[in-house]
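The structure appears right after this line, and notes come after that.
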């Protein structure tokens, strides 16, 4: 028995359709919670709401052995030769469970990032640990590398599907195209390698510059007290504001904090004045 594995455009469209459905569930949950809790409480639990949205969607599809909306939309279905025994009986539940576990693990990144920041602050004397790249940047690099592999190989659009070896075949007559992105993937992979080499060079250069700076400070007996530095406090996370951003009403926030807040509800969380994404102003060289 021969099967035609799903082409790259169908895999991409199926994933995009599933993402749209998950986003719809996420938005409906946020709208429902507005009747019971404050906007600030919803903002503090956005990561949990995203996890619940993903879990709900995949519990209603993968665990019930029902095709997702994206799979229905593109006429594809899960298939692996290794999942079938001598009688051609599907044995896929273990992979579906593992796929959902990987989805849940993807939302533990903010906690890992907060622990990384705390550990770096505790190990501030160690320059190597202090200047380690952000965990979000590392994960973005892994995702970009995986995307390049997908463009070259033509299978496993998502990392979780690659780890669980979940592939797809057409359940109807396949389309008369066989679009491939191998050349694009090869060019993208070369670009990622060059970016990695540049980041590594900048990391080594930064360590050398800090060592040189410390040596000069010791020679001149210059002491600095970093604790006396004044920072702008974000009015959402109540931490030192990063990438300070101003709203039309004049309140200052972190860029990420106010952007997610305005996406959720288009108003300033302090004074409730109307505020849109295009009205946010990031302050450069702000002291």
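The table that follows gives values for the structure above.
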| read-out | value |
| --- | --- |
| Selection within segment 58-77 - over 18 Å from residue 12 (Cβ atoms) and not in a loop (DSSP other than H, G, I, E, B) | 58, 59 |
| Residue match in segment 11-19 (condition: at pLDDT 90 or above, outside any loop (DSSP other than H, G, I, E, B) and touching a strand residue (DSSP E or B) at 6+ places or on another chain (Cβ under 8 Å)) | yes |
| Residue ID - nearest to residue 31 (Cα to Cα), chosen from residues in segment 234-264 that are in contact with a strand residue (DSSP E or B) (Cβ under 6 Å, 6 or more places away or on another chain) and in a helix (DSSP H, G or I) | 258 |
| Some residue of segment 196-208 being closer than 26 Å to residue 9 by Cβ and part of a helix (DSSP H, G or I) | no |
| Qualifying residue in segment 168-184 (condition: modelled with pLDDT under 80, assigned to a loop (DSSP other than H, G, I, E, B), surrounded by 14 or more Cβ atoms within 10 Å (Cβ to Cβ) and touching a strand residue (DSSP E or B) at 6+ places or on another chain (Cβ under 7 Å)) | no |
| Residues that are without any contact (Cβ under 8 Å) to a residue 12 or more places away in the chain and farther than 20 Å from residue 139 by Cβ, drawn from segment 162-193 | 173, 176, 183, 187, 190 |
| Which numbered condition residue 191 fails, given (1) surrounded by fewer than 15 Cβ atoms within 10 Å (Cβ to Cβ); (2) over 18 Å from the mean Cα position of the chain (by Cα); (3) at pLDDT below 90 | (3) |
| Flag for residue 73 being out of contact with any strand residue (DSSP E or B) (no Cβ under 8 Å at 6 or more places or on another chain), over 26 Å from residue 140 (Cα atoms), surrounded by 13 or more Cβ atoms within 10 Å (Cβ to Cβ) and at pLDDT 85 or above | yes |
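Condition check ((1) outside the structural domain of residue 269 (by TED's automatic domain parsing); (2) over 16 Å from the mean Cα position of the chain (by Cα); (3) over 30 Å from residue 4 (Cβ atoms); (4) modelled with pLDDT of 85 or more) across all residues:
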{"residue": "21", "(1), (2), (3), (4)": "yes, yes, no, yes"}
{"residue": "29", "(1), (2), (3), (4)": "yes, yes, yes, yes"}
{"residue": "85", "(1), (2), (3), (4)": "yes, yes, no, no"}
{"residue": "94", "(1), (2), (3), (4)": "yes, yes, no, no"}
{"residue": "103", "(1), (2), (3), (4)": "yes, no, no, no"}
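The values are calculated or read from the model by the stated rules, or taken from the named source; none is laboratory data. Quantities reported herein were computed from a predicted structural model and do not represent experimental measurements. Neighbour counts are summed over all protein chains in view; Cβ atoms, including those assigned to glycine, are modelled from backbone coordinates with ideal geometry.
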